[in-house]
1. Can you tell me which residue within segment 65-89, out of those that are under 15 Å from the mean Cα position of the chain (by Cα), assigned to a strand (DSSP E or B) and not polar (S, T, N, Q), is nearest to TYR117 (Cα to Cα)?
2. Just one of (1) touching a Ser or Thr at 6+ places or on another chain (Cβ under 8 Å); (2) of a type in the set (Ser, Thr, Tyr); (3) modelled with pLDDT under 85 trips up SER110, so point out which.
3. Please enumerate the residues belonging to segment 51-64 that are within 14 Å of the chain's Cα centre (by Cα) and within 24 Å of TYR117 (Cα to Cα).
4. Would you point out which residue out of ILE49, ILE60 is over 20 Å from MET106 (Cα atoms), assigned to a strand (DSSP E or B) and modelled with pLDDT of 80 or more?
5. If you take the residues in segment 70-120 that are surrounded by 18 or more Cβ atoms within 10 Å (Cβ to Cβ) and of a type in the set (Gly, Ala, Ser), which one is farthest from ILE49 (Cα to Cα)?
6. Scan (1) over 16 Å from PRO22 (Cβ atoms); (2) of a type in the set (A, V, I, L, M); (3) at pLDDT 90 or above; (4) open to solvent by less than 70 Å² (accessible area, probe 1.4 Å) for the single condition VAL67 breaks and write down its number.
7. Give all pairs with beta carbons closer than 8 Å in which a residue from segment 58-80 that is without any contact (Cβ under 8 Å) to a residue 24 or more places away in the chain meets a residue that is among the acidic types (Asp, Glu) and open to solvent by less than 50 Å² (accessible area, probe 1.4 Å); count only pairs at least 6 apart in sequence or on separate chains.
Amino acid sequence: IQETESRKVSIQVKGMILDSFPLTLSNISGVGNPHLSSFIPFTMQNAYITSNTHPPFTGITYAGSTVTLNLTSGDISKTYTVIATPNSRYALSLPKGDLQPGKTYMAELSSQRGNLYTEVPGFTIRSEFATVK
């Protein structure tokens, strides 16, 4: 792969970077606020469990950015993208059943606008249905 343009890459690894392109994940349906931010990634957990098999992922990044969520489990890999609204919000909606109950998925979330790019540390997500005893 050959890139013809240069781009500013900002990857945060459990540390705080103040001069970066912001990306936050403020809600995963069934999880709540995972406190996932490119500005303060050390507040995040490494794994999340939801009761939803098609949870929306919502957050904030620069207006007009392309937000990409990659989910991988074994040999299954799915990619979801959305453009952030003019008020810097995004909502990635997974199709119903895309998270198979009991399977663990590696999630990678990134945002790009022009030559600006950022991603947050990867995390796992698993869908589990609550059982009634």
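1. VAL67
2. Result: SER110 passes all but (3).
3. PRO56, PHE57, THR58, GLY59, ILE60, THR61
4. ILE60
5. ALA84
6. With (1) over 16 Å from PRO22 (Cβ atoms); (2) of a type in the set (A, V, I, L, M); (3) at pLDDT 90 or above; (4) open to solvent by less than 70 Å² (accessible area, probe 1.4 Å) applied to VAL67, the lone miss is (1).
7. Pairs that qualify, where the first residue is without any contact (Cβ under 8 Å) to a residue 24 or more places away in the chain and the partner is among the acidic types (Asp, Glu) and open to solvent by less than 50 Å² (accessible area, probe 1.4 Å), are LYS78/ASP98.
The values are calculated or read from the model by the stated rules, or taken from the named source; none is laboratory data. Keep in mind that this is a model prediction, so the values were computed, not measured. Note: ideal-geometry Cβ built from the backbone for every residue, glycine included; neighbour counts use all protein chains shown. Just the protein is used for accessible areas: all its heavy atoms, side chains included, with ligands, DNA and RNA removed. Shrake-Rupley method; radii C 1.70, N 1.55, O 1.52, S 1.80 Å.
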